[in-house]
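See below for the structure under consideration.
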Amino acid sequence: MLTLVFLFVAALWAGTQNALAGGGSFITLPALLLSGLDARMANITSTLALFPGQLAAGASGWSLIGGAAGLAVRTLVAVSLAGGAIGALLLLATPSDFFELILPWLILIATCLFAWGNFFRRPEQAATLGPRAAALTQFGIAVYGGYFGGGIGFLMMAALTLAGIAVRNALATKNLLAAVMNASAVAVFLFVPGVDWTRVGAVAAGALAGGTLGGWAVHRVNERALRLVVVAIGVALTVLLFLRQLGVVAW
């Protein structure tokens with residue numbers, strides 16, 4: 001029971017963080033590892049359990065969702081569905097060591113791009129991602145999201161803001177696309193044997209509550225504060241992941 005309470009609290013934090021900035025899986029994954037699951041099953045369990053919270057966050061910010069770089073929302077959704085399914089199948093076929101190795105670099109690059117686009121880019125500068133580049137970028141993020149998922153929020157925030165969408169709208173659109181790409185992964189992972197559905201339920205309940213809370217906060221949090229929070233979490237996660245690779249921290 002204590003384990004389930006611990007997982008619920010961790011997921012409540014993760015669901016809220018996912019809705020506001022992303023990176024929630026970096027809370028649930030260590031929590032699930034600490035609960036006794038191996039890395040691969042913890043990753044699958046995290047994806048399954050965070051999905052309800054992502055749906056809640058996407059629904060809460062529905063009015064703010066929009067296309068990017070001239071692409072309609074339905075195009076971004078289709079690209080995300082395809083990429084998420086491919087990534088999930090890759091996870092079942094290959095180890096995650098390579099993705100874990102490059103993950104800190106992905107988060108670092110995404111955080112730098114987001115900071116540049118929101119704090120250093122001159123107002124007269126136009127969006128730097130065109131329709132084709134935006135579609136390919138989202139597809140790549142979706143493949144990665146279906147495979148591992150950690151940091152997809154930062155990557156999408158960087159891509160969407162560079163495609164010309166405002167931060168508040170990017171947050172809401174990111175939440176929808178995260179739910180869409182994980183819907184594909186969830187459809188694959190539902191048939192994986194050995195899933196601990198008790199743990200999935202505890203994490204899903206916390207993530208659902210956190211996603212609803214975070215979706216509500218997207219409408220009300222100061223936009224500049226949102227930018228600062230995204231950058232701060234990105235920097236913190238980058239440092240933590242590099243320290244993990246060096247063996248300074250472990251989970």
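The values are calculated or read from the model by the stated rules, or taken from the named source; none is laboratory data. What you see is a predicted model; the values in this text were computed from it and never measured. No Cβ is skipped: glycine too gets one built from the backbone with ideal geometry, and neighbour counts run over all protein chains shown.
Some points to look at:
- Single residue of segment 94-136 satisfying the filter (of a type in the set (Ser, Thr, Tyr) and within 28 Å of Leu243 (Cα to Cα)) that is modelled with the lowest pLDDT: Ser96
- Any hit, segment 71-83, residues being assigned to a helix (DSSP H, G or I), touching a helix residue (DSSP H, G or I) at 6+ places or on another chain (Cβ under 8 Å), at pLDDT below 85 and under 13 Å from Leu177 (Cα atoms): yes
- Residue check for Thr212: in contact (Cβ under 8 Å) with a residue 60 or more places away in the chain, surrounded by fewer than 24 Cβ atoms within 10 Å (Cβ to Cβ) and hydroxyl-bearing (Ser, Thr, Tyr): yes
- None of Phe139, Phe154 is buried (at least 21 other Cβ atoms within 10 Å of the Cβ), in a helix (DSSP H, G or I) and touching a residue at least 40 places away in the same chain (Cβ under 8 Å) except Phe154.
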